[in-house]
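What follows is a single structure, written as structure tokens, with notes after it.
Any read-out appearing in this document is the output of simple, stated calculations on the displayed coordinates, not a laboratory observation. The structure presented is a predicted model; accordingly, all values stated were derived computationally and were not measured. Cβ placement follows ideal geometry from the backbone for every residue including glycine, while neighbour counts extend to all protein chains displayed.
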């Protein structure tokens, strides 16, 4: 039968839409639709020439394919840290591309196992509601088809879980919202011993965009869920992408399924990461990076198109990233990525935690509470992510909450992970905090007392390698902050208008913020050990504000180390700068002969650190400093526990003998003084005093705290006159209660 031309035109017209859709470049080919579609008997859905949405795209986007310049292989798909199994080959963090085979219930990897491998397959279903990324391993235990075969499963920690002798089926619940679907293959679908891994991550949901959902088979993301191969209309994140001028234009706009210039597609699926405040437990997105002491505008990373806001795609790229560890970051070095906006870290010098050559600067895995696994990628050495998981990490005690400040653990446990017993850090301090006398960094020890954390004395972003050194020659700058205490807040005191041993009022204190940080070690100590940091309602002398007597706490170091006092140890300035101190022979301090090395040089100008007297009882190379000690008051040096109850006859066994020679002062060498203890004449808190030479006074107004056992009757001194060494006389310089100088006189008392 002959078909007329008019009839043929009509027949074709009813098969085509009124206006054939144009296809945007680069998917315009010589045969237009025929490269991807077959109108009849097509092997794939949507009349595709290849079965499987992703396979259609990969038929060209592969090595040797027509789109080989943007080639993808299955191995490019990301396996991101953490949550990966440690005992499966090929499960290490890797990949440069967003997956195209995953859903909110994760993605499946067939591991094989049986001599005759299963022909059936496993698909994930549901939405994972757990808090930790983890991997389920499914193992066939009884052969058969779906609905007959049985399997067991287990999941990695954290999260965990297990099941045994579970019947296969089309929707088998594992836990945390995840189910699996077993699909039959040829012959016996499932063989004993065959295994699958199901990888799941927290914070992912199925998209709400209906167009994306329509292109997801069994809820699995594929290329066409995110990309519309026919249209360049929707805007990508890329600000350099060309404008769209209608069908057939816009080459280079990435064929987006929906507008994504402000991360709309990212946050639709990764809703758990869509936050504008880090307090929610993940790095904020969609906000402008502040320009302040802690942040700067990025120069390396792009902002959301048309804005100055920082978004998901500022840090991450979707395909072909330079990072190969599954993080899909635009920069291979996590540290470089962070410091493009964050300025707190000293990565130039660098600070101790930012060394890229020290293997100890890799997170070793949680050891004190956190369940965050160890980092093994050497590119993460010295990186911020070792302590700050960018998208947070669940608090072990309350997984619905993340650790604050995007940390991997909480407070001292964070530090002890590396600086604890058997930690990777050289300086291990955890044991010091369990000694008899220690700073109370553990939360359980802070009830009813002032809180102290490691960060009060150390700045993890600024601290340098090493520890406090006690071998340096004492100079005027010995008290300057260095090494492990750099970048720490402190308290400055205005001593200018004070008189001798005058209490420090609140208006004379000034807080020094961490940026720029305290300049002198004593300023860090003054934050707590001065009236600036006393427990509310209790004065330094232990008298409450309502007039009732309270238990004595400790003395006010800002008061005791004031350069306006008549005597003291040179913590703030050298003793020659003590303006109210009486000069004898042109010197206000002691003579060189009175001191042992290294303190016998630079007398009068030398300063010292609090840590010169208060430190650990462990010698170098242990971390030095007042973390904790078995010695009373954390006193450093030998004979610490003998002080102050040692007679002059046994002076060499005293703690004072670590620095001071006894023989230069006549009063120390007189035979009838040999049975006396130091505290008979001197205050037992030798920081600084109201009388010269740290002399005590039983009859004046000296607080009992400065007497042995808080008892003024243990003191023998009543009056004192400072004189040159060797010129003290029987009654001209001292009046005492011991009988020898009962008629003596002195010009000073408390």
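Could you compute how fast the chain diffuses translationally, taking Rh as the Kirkwood radius over C-alpha pairs and applying Stokes-Einstein at 37 °C with viscosity 0.692 mPa s? Give it in µm² per second.
Value of D from the Cα-based Kirkwood radius: 103 µm²/s.
In what sequence do 216, 609 fall when counting other Cβ within 10 Å, fewest first?
216, 609
Cα axis of helix 5-15 to longest principal axis of the chain: angle in degrees, 0 to 90, nearest 10?
30
By how many nm would the segment from residue 249 to residue 141 lengthen if fully extended, with 0.36 nm per residue of separation less the alpha-carbon distance?
Contour length minus the Cα-Cα distance gives 33.3 nm.
Would you mind computing, in nm to one decimal, how far apart the modelled labels at residue 240 and residue 121 are, each placed 7 Å from Cα along Cα→Cβ?
Inter-label distance under the simple model: 3.8 nm.
Using 0.36 nm per residue, how much length does the chain from residue 114 to residue 649 gain when fully extended, once their Cα-Cα distance is taken away?
Fully extending the segment from residue 114 to residue 649 adds 184.0 nm.
Whole number please: convex hull volume per residue of the Cα set in segment 667-750, in Å³?
Expressed per residue, the convex hull around the Cα atoms of segment 667-750 is 88 Å³.
P(r) tail for segment 465-637, what percent of Cα pairs lie past 20 Å?
So the portion of pairs separated by more than 20 Å is 58 percent.
I'd like the FRET efficiency for residue 515 and residue 630, computed as 1/(1 + (r/R0)^6) with the beta carbon distance as r and R0 of 41 Å, rounded to 0.05.
The pair residue 515/residue 630 has a calculated efficiency of 0.65.
Let me check against my output: what whole-number percent is the relative contact order of segment 381-463, with C-alpha pairs under 8 Å and at least 6 apart?
Relative contact order for segment 381-463 comes out at 16 percent.
Apply 1/(1 + (r/R0)^6) to the Cβ-Cβ distance of residue 699 and residue 587, taking R0 = 41 Å, and write down the FRET efficiency to the nearest 0.05.
Efficiency, from the Cβ-Cβ distance: 0.90.
Do the sum for the chain: with -39,500 (n - 2.57) for every DSSP H run of n ≥ 4, divided by all residues, what is the mean residue ellipticity at 222 nm, to the nearest 500 deg cm²/dmol?
About -2000 deg cm²/dmol.
Before anything else, pin down the relative contact order of the chain: Cα pairs under 8 Å, at least 6 apart, normalised by residue count, whole percent.
7
What is the order of 172, 601, 180, fewest Cβ neighbours within 10 Å to most?
In increasing order of surrounding Cβ atoms, one gets 601, 172, 180.
Out of all Cα-Cα pairs in segment 328-387, roughly what percent, to the nearest whole number, are more than 16 Å apart?
Percent of Cα pairs beyond 16 Å in segment 328-387: 43.
So if I average 1/r over every pair of distinct C-alpha atoms in segment 426-502 and take the inverse, what Kirkwood radius in Å does that give?
Taking every pair of different Cα atoms in segment 426-502, averaging 1/r and inverting gives 15.6 Å.
In which sequence would 182, 633 go, from the one with the fewest C-beta neighbours within 10 Å to the one with the most?
If I rank by nearby Cβ atoms, fewest first, I get 633, 182.
For segment 178-325, I need the span (max minus min coordinate) of the C-alpha atoms along each principal axis, in Å, sorted largest to smallest.
That works out to 64, 44, 29 Å along the principal axes.
Using R₀ = 45 Å, calculate the FRET efficiency as 1/(1 + (r/R₀)^6) where r is the Cβ-Cβ separation of residue 554 and residue 475; round to 0.05.
After rounding, the FRET efficiency stands at 0.95.
Multiplying the sequence separation of residue 740 and residue 46 by 0.36 nm and subtracting their Cα-Cα distance, what value in nm do you get?
238.6 nm
Compute the distance in nm between two label points, each set 7 Å from the Cα along the Cα-to-Cβ direction, one at residue 38 and one at residue 725.
It is 10.5 nm.
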